[in-house]
1. Among the listed residues Leu340, Leu398, Leu353, identify the single one that is part of a loop (DSSP other than H, G, I, E, B) and of a type in the set (A, V, I, L, M, F, W, C).
2. Applying the selection to the stretch 356-387, what residues are without any contact (Cβ under 8 Å) to a residue 60 or more places away in the chain and assigned to a loop (DSSP other than H, G, I, E, B)?
3. Return the residues of the stretch 273-289 that are more than 21 Å from Glu241 (Cβ to Cβ), in contact with a Phe, Trp or Tyr (Cβ under 9 Å, 6 or more places away or on another chain) and crowded, with 23+ Cβ neighbours inside 10 Å; say none if nothing qualifies.
4. Which ones in the stretch 131-156 are buried (at least 18 other Cβ atoms within 10 Å of the Cβ) and within 19 Å of the chain's Cα centre (by Cα)?
5. Regarding Asp50, is this residue surrounded by 22 or more Cβ atoms within 10 Å (Cβ to Cβ), within 19 Å of Val414 (Cβ to Cβ) and not small (Gly, Ala, Ser)?
6. Determine which member of the set Ile386, Ile381 is aliphatic (A, V, I, L, M) and surrounded by fewer than 17 Cβ atoms within 10 Å (Cβ to Cβ).
7. In the stretch 290-326, how many residues are in a helix (DSSP H, G or I) and in contact with a Ser or Thr (Cβ under 9 Å, 6 or more places away or on another chain)?
8. Taking helices (runs of 4 or more DSSP H) that fall entirely within the stretch 82-191, which contain at least 1 residues that are aliphatic (A, V, I, L, M) and touching a residue at least 60 places away in the same chain (Cβ under 8 Å)?
Amino acid sequence: MLMLIKGGRVIDPGNLDGIMDILIEDGKIVEIKEHNSKFKIQNSKFKVIDASGKIVTPGLIDMHVHFREPGHEYKETIKTGCRAAAFGGFTAVCTMPNTNPVNDNSQVTEYILKKAGLADTVRVYPIAAISPGLQGKGLCEYGDLKDAGAVAISDDGNPVTDSRLMRRALEYAKGFGLPVISHCEVLDLAANGVMNEGAVATRMGLSGIPNAVESIMVMRDIALCELTEAPLHIAHVSTIESVRAIRDAKNRGVCVTAETAPHYFTLTEDAVEGYNTNAKMNPPLRSDRDREAVLEGLSDGTIDVIATDHAPHSSIEKDVEFDIAANGIIGLETSVSLGLKLVENGVITITDLIAKMSTNPARILGLDLGIKKSKPADITIIDPDITYEVDAAGFQSLSRNTPFDGWNMKGKAVLTMVGGKVVFGR
């Protein structure tokens, strides 16, 4: 089938930026021309998508999501997670391995991909475990996992506390071209903390988690990255010290990349007031000083990626006392809007935002995608001017654990296309 996307501002960082038309045939991009140029279209039957006044981008990629299948399908399934991703403007997601059973072997990886195929919505790229059972006591078979379809390895949710094992993981993964994604947390220093350590925690009578819980492990893993010269990606950066350490490492030429999540550049620990469990996560929401540091890291390129850390939980885990509530929030359906706020506030440009939500994740994961001739037509169309009120009850995700319910937002994805198939919008 022929499709023509007309009149949108096409932005593919480092490649395209202008008012253009895109011709798509059999799921692939066949031509890209300046708006109102003539295409040689022999078939008189083709669909036209009017993108006037909108931004056309390479398909957005969320490289950090938790789809709870297998094991906790009442929170999220691969099918509902993919649908939430499509509605949020994402054409691809990377699923973390802390499922039940853990994605630490090729059979689980293949199961995830089979379920993603049945969902037939967005592309799913599984991230496999560093260690069997996420226990940090050995290494998984990275070659088998890559052959099965894994694109990276991580024990996300559990830090690799054994420095020697982390070194071996970096060396072993490097041989297979698999980036290592690090969950940076010093568990014994975190102790029983449930939110950021500071005045708010003291006033609320809650145990705090100091910044050093994250930054100490960030510095250790940067040192191991420098030692092994193996690619390292730091997940969910939340502290000023971590941003500084990553910036310094990059200035030295260390092959480290980093991500943060919209909640870390939008919210602070104040969101926990009233014992709001929908603002409880790990790493916790930090101080305004930390939020400003994350913004600076996004602005100067220290932080390469914006990822949601989409973590669905049901009311069973969230409608309880704050101390025992589960960590995590959902984010796929609000991420674009929160990212566009950065552009509106002059923190980053729209091109930077697209890079951090599409081309940078693709580069880090070794995915050859983009708005280029002969490439799959994985495309997101964003309306930067549309305004709406967040209604968690209407989300596609099975879970509702978001601190942004009821917020007024501006800008969102209005069409998501995967391989030439419109999976959201029309």
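All of the numbers you see were taken from the coordinates with simple rules; none came from a lab. Because the structure is a prediction, the values reported are computed rather than measured. For neighbour counting, all protein chains shown are included, and Cβ atoms are generated from backbone atoms with ideal geometry for every residue, glycine included.
1. Criteria check complete, one pass: Leu398.
2. The first filter runs over the stretch 356-387 and keeps only residues without any contact (Cβ under 8 Å) to a residue 60 or more places away in the chain, leaving 356, 363, 368, 386-387.
Selection gives Asp368 alone.
3. Thr277, Lys280
4. Scanning the stretch 131-156 gives Ala150, Val151, Ala152, Ile153, Ser154, Asp155, Asp156.
5. Values: surrounded by 22 or more Cβ atoms within 10 Å (Cβ to Cβ): no; within 19 Å of Val414 (Cβ to Cβ): yes; not small (Gly, Ala, Ser): yes.
When the stated conditions are applied, Asp50 does not pass them.
6. Numbers: Ile381 fails: surrounded by fewer than 17 Cβ atoms within 10 Å (Cβ to Cβ).
Just a single option satisfies the conditions, and that option is Ile386.
7. Residues flagged as in a helix (DSSP H, G or I) and in contact with a Ser or Thr (Cβ under 9 Å, 6 or more places away or on another chain) within the stretch 290-326 amount to 12.
8. Numbers: elements: 106-119, 142-148, 163-175, 187-190.
The helices (runs of 4 or more DSSP H) meeting that bar are 163-175.
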